[in-house]
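J.: Structure incoming, see below.
The values are calculated or read from the model by the stated rules, or taken from the named source; none is laboratory data. Owing to the predicted nature of the structure, the values given are computational and were not obtained by experimental measurement. No Cβ is skipped: glycine too gets one built from the backbone with ideal geometry, and neighbour counts run over all protein chains shown. We work out accessible area using only protein heavy atoms, side chains counted, and drop any ligands, DNA or RNA first. Shrake-Rupley method; radii C 1.70, N 1.55, O 1.52, S 1.80 Å.
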Amino acid sequence: MKQRRVLVVTQHYWPENFRINDLVEGFTADGIAVDVLCGLPNYPKGEWYPGYRYTGPRYEERPAPRAGVPPVRVWRAGEIPRRGNSGPMIFLNYVSWPLFALFSLGRVKGPYDAVFCYNTSPVLMALPALVYGRLHHVPVTTYVLDLWPENLYSVLPVKSRLWQGVARRVSDWYYRRAGRLIAMSGSLQKRLLERTGKPEGDVAVIPQYCEDFYAVPQPDAGLAAQYAGGFNLVFTGNFSPAQSLDTVLRALALARKEAGGQTLRLLLVGDGMSRASLKALAEELGLVQSGAAVFCGSVPPEQVPRYTTLADALVVSLNASEDLGLTVPAKLASYMAAAKPILASMDGEGRAAVEQAGCGLASAACDVRGLAGNMLSLCRLTADERAALGQKAFACYQSRYRRAELLRQLEDFLLPPTTPTEE
């Protein structure tokens, strides 16, 4: 049987920490040969990673996870780094990579059975995938992780109705041109069907899975000793306006004023464009000085369980937006795998997932008082009651977000048995 081959197009790839890294490893472990067209690593700070600069390296090979499988060939296209994470620099980063990537298509060596676009922001990222698919008659599948243009407004304050209309038409053009789409929830699938007019069979619902290592506790005696004597709330991931972490900080400050709230401590594990403003807010609220809010910095994904293991509860939040509520945040799966109670501050699919699983307490997006109340309520539960919530979270992870099953669904949709090999 001829080996199947896939071209993955994504601006962000190893050594940046995105789930596409694990997806590629999963494909190759299952015997699929994978090439990747991506950018030069500079996310989230906009600074080149060690060993990289604008001039390259423009080609690398990443060893496959098992013997007998060829290495992943990686072609890197230039981009303007998002240095400083200001609005203009993010915009330049958004538009530069897809344009520069077009000039790299000639270096990519096919043939391929499918082109897979792992489409985080911006939607423009799909351009080289669509062009390659059209030129070489290869089906293109786009995994829609950030719905555009709605997600754009959570990062850049676009107020002009004219430019909003242009952004909507451009986004819909990209979604329509992809052969098939993958949505992370039924709500997002419905929205994409309405906007593209595609038949239902061309828009699959496949949630983002959780890597297996999130389900393995990593007790760390040093961290446990450092953060002993408090009720540890842990947030992990990207700091951006979409996460509405200012709501979490304000809720923490409010809850600590109530009886029993003085033990609450928030550990923020990650980084992103909102770090500076969040730290300034935490200092203004007196949370940094009191040790109630701790900015722990970024860690490799494999080390995140060191923090979730010591957590008394895990925090997930999103801004108040109907469109952000269309999907279940990817971190929710990893939180459930950690078997800890979840504090959710969000609307839509994510909040519904927590409530249906019965694995924690949920409040509306940006509801500071509601979140503060839930912090106190969770803190006042007994250890056994919190452990029971954690077990419900883990059960939900096992039934909905296991890597092996969702990876199989993705591969079957991307490479159905009837897909011919293009020569």
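J.: Please label the shape of the stretch 222-267 as rounded, prolate or oblate, based on the square roots a ≥ b ≥ c of the eigenvalues of the alpha-carbon gyration tensor (a/c under 1.5 means rounded; beyond that, a/b larger than b/c means prolate, else oblate). Don't skip to the end; give the middle numbers.
T.: Values: a/c = 4.39, a/b = 1.21, b/c = 3.63.
Verdict is oblate for the stretch 222-267.
J.: Return the FRET efficiency for the residue pair R176, A67: r is the Cβ-Cβ distance, R0 is 30 Å, and the value is rounded to the nearest 0.05.
T.: On the way: r = 42 Å, r/R0 = 1.40.
So, using R0 = 30 Å, E works out to roughly 0.10.
J.: How much accessible area per residue does the chain have, counting only protein heavy atoms and a probe of 1.4 Å, in square angstrom? Present the calculation step by step, with values, prior to reporting the outcome.
T.: Numbers: 17390 Å² over 423 residues.
Here the residues of the chain average 41 Å² of exposed surface.
J.: To the nearest 20 debye, what is the magnitude of the charge dipole of the chain about its Cα centre, counting +1 on the Cβ of each Lys and Arg and -1 on the Cβ of each Asp and Glu? List each step's numbers first, then the result.
T.: Working: 45 positive and 39 negative charges, 140 e Å.
Dipole of the chain, to the nearest 20 debye: 680 debye.
J.: With a cut-off of 14 Å, note down the residues of the stretch 104-136 whose backbone N falls inside the zone around a label point 7 Å from the Cα of K2 toward its beta carbon.
T.: 110-114
J.: Name the most mobile residue of L376, L145, L188, meaning the one with the largest mean-square fluctuation, in a Gaussian network model of the chain with Cα contacts below 10 Å.
T.: The residue that fluctuates most here is L376.
J.: State, to one decimal in nm, how far the label point of L135 lies from the label point of L99, with both points 7 Å from Cα in the Cβ direction.
T.: 1.8
J.: Over 31 Å between Cα atoms: which of K45/K392; K257/K331; K198/K392; K198/K340; K2/K45; K190/K392 fall into that group? Can you show the working numbers first?
T.: On the way: K45/K392 36 Å; K257/K331 29 Å; K198/K392 37 Å; K198/K340 39 Å; K2/K45 42 Å; K190/K392 28 Å.
Going by Cα-Cα distance, K45/K392; K198/K392; K198/K340; K2/K45 fall outside the 31 Å limit.
J.: Another one. Quick check: residue separation of R58 and D412 times 0.36 nm, minus the Cα distance between them. What number comes out in nm?
T.: Working: separation 354, 0.36 × 354 = 127.44 nm, distance 3.10 nm.
Residue separation times 0.36 nm, minus the Cα-Cα distance, leaves 124.3 nm.
J.: Starting from the Cα gyration tensor of the chain, multiply each eigenvalue by 5, take the square root, and state the resulting semi-axes largest first in whole Å. The partial results should precede the final answer.
T.: Values: eigenvalues 266, 106, 92 Å².
Taking √(5λ) for each eigenvalue gives 36, 23, 21 Å, largest first.
J.: Next question, about the same structure. D for the stretch 261-399, whole µm²/s, Stokes-Einstein with Kirkwood Rh over alpha-carbon pairs at 20 °C and 1.002 mPa s: what number?
T.: Values: Rh = 15.6 Å.
Diffusion coefficient, whole number: 138 µm²/s.
J.: So, one more: Would you mind checking which residues have amide H under 5 Å from C117's amide H? H placed 1.01 Å from N; only 5 or more apart, or other chain.
T.: Close amide H contacts, sequence-distant or interchain: V9, T141, T142, Y143.
J.: Also, I was wondering about something else. Can you tell me which of T120, T308, T263 moves the most in a GNM of the chain? Springs connect C-alpha atoms under 10 Å apart.
T.: Looking only at T120, T308, T263, the biggest GNM fluctuation is shown by T263.
J.: Now for a separate question. Can you work out the Karplus-derived ³J(HN,Hα) for every residue in the stretch 175-187? Use 6.51 cos²θ - 1.76 cosθ + 1.60 with θ = phi - 60°, whole Hz, and x for glycine or proline.
T.: 5, 5, 6, 5, x, 9, 10, 10, 10, 8, 7, x, 5
J.: Using a 1.4 angstrom probe on the protein heavy atoms only, could you order S240, S399 from most to least accessible area? Show your work: numbers first, answer last.
T.: Working: S240 15, S399 90 Å².
Per-residue accessible area, sorted high to low, gives S399, S240.
J.: Moving on to the next point. Sort out the exposed loop trypsin sites (Lys or Arg not before Pro) in the chain (DSSP loop, at most 12 other Cβ within 10 Å) and tell me the longest stretch that has none.
T.: Details: sites that count: K2, R66, K109, K159, K257.
The answer is 258-423.
J.: Using the Cα centre of the chain as origin and beta-carbon charges of +1 (Lys, Arg) and -1 (Asp, Glu), tell me which of L130, V203, N374 is placed farthest towards the positive end of the dipole.
T.: Highest projection toward the positive end goes to L130.
J.: First compute the accessible area of the chain with a 1.4 Å probe, then give the percent of it belonging to carbon and sulfur atoms.
T.: On the way: 9460 of 17390 Å².
Carbon-and-sulfur percentage of accessible area, whole number: 54.
J.: Next question, about the same structure. Determine, from the Cβ-Cβ distance of A404 and F91 and an R0 of 56 Å, the FRET efficiency 1/(1 + (r/R0)^6), rounded to the nearest 0.05.
T.: Details: r = 39 Å, r/R0 = 0.70.
With R0 = 56 Å, the Cβ-Cβ based efficiency is 0.90.
J.: Right, next: Apply the a/c threshold of 1.5 to the C-alpha gyration tensor of the stretch 179-257 and tell me whether it is rounded, prolate or oblate. Don't jump to the answer; show the numbers that get you there.
T.: Details: a/c = 4.55, a/b = 1.96, b/c = 2.32.
Oblate shape, in that a/c is at least 1.5 and b/c is the bigger or equal ratio.
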